[in-house]
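The values are calculated or read from the model by the stated rules, or taken from the named source; none is laboratory data. Model, not experiment: these values are computed from the prediction. Virtual Cβ from ideal backbone geometry, glycine too; neighbours counted across all protein chains shown. The protein model used for the area step is the full one, side chains on, heavy atoms only, and it has no ligands, DNA or RNA in it. Shrake-Rupley method; radii C 1.70, N 1.55, O 1.52, S 1.80 Å.
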Amino acid sequence: QVHLVESGGGLVQAGGSLRLSCAASGRTFSTYTMGWFRQAPGKEREFVAAVAVSGGFTDYADSVKGRFTISRDNAKNTIYLQMISLKPEDTAVYYCAVSRRYGKIRQDEYDSWGQGTQVTVSS
């Protein structure tokens, strides 16, 4: 089991920036892909970005390409989501997840999830 803790959420004005962090602990040696998802009020949880722990793979939702950057620090078992040019429609609870599978995988193929961190973008 991998335990995930997200941090870095908050309230920001449109056009602003935030950096989310997700620290993993536990059986991290079995982790191949880490991802960020988000869920806005009244909507289903959606994919935001993913990165392979070994490198060589990143993936982004079309809605965040060019504005969000996912990165990893393997020494700290941590991934980050740098978000710039934030829009009100980015408002959501952001979740970190890990998978024992590699690459572009379905949401239901992620094995462990964090509790989430709230991001609110005001207009």
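Miscellaneous remarks
- Whether region 10-75 is rounded, prolate or oblate, judged on the alpha carbon gyration tensor where a/c under 1.5 counts as rounded: prolate
- As a length-normalised measure over Cα pairs under 8 Å and 6 or more apart, the relative contact order of region 1-110 settles at 33 percent.
- Enclosing the Cα atoms of the chain in their convex hull gives a volume equal to 92 cubic angstrom per residue.
- Alpha-carbon centroid distance for the pair region 70-123 / region 38-67, whole angstrom: 7
- Solvent-accessible heavy-atom area per residue, rounded to whole Å², over the chain at 1.4 Å: 52
- Sequence of Val119, Val93 from largest to smallest accessible area, 1.4 Å probe: Val93, Val119
- Excluding same-chain neighbours fewer than eight residues apart, the lysines reachable from Lys87 by a Cα-Cα span under 20 Å are Lys43, Lys65.
- Near-label residues of region 19-55 by backbone N, under 11 Å of a point 7 Å along Cα→Cβ of Glu109: 33
- The order of Leu81, Leu18 by accessible area, most exposed first and with a 1.4 Å probe, is Leu18, Leu81.
- Computed E for Tyr102/Leu11 - FRET, C-beta separation, R0 25 angstrom, nearest 0.05: 0.10
- Arg100 contributes an accessible area of around 150 Å² to the protein surface, as traced by a 1.4 Å probe with all chains present.
- Portion, in percent, of the accessible area of region 6-61 that falls on carbon or sulfur, probe 1.4 Å: 49
- The chain - charge dipole about Cα centre, Lys and Arg +1 at Cβ, Asp and Glu -1, debye rounded to 20: 200
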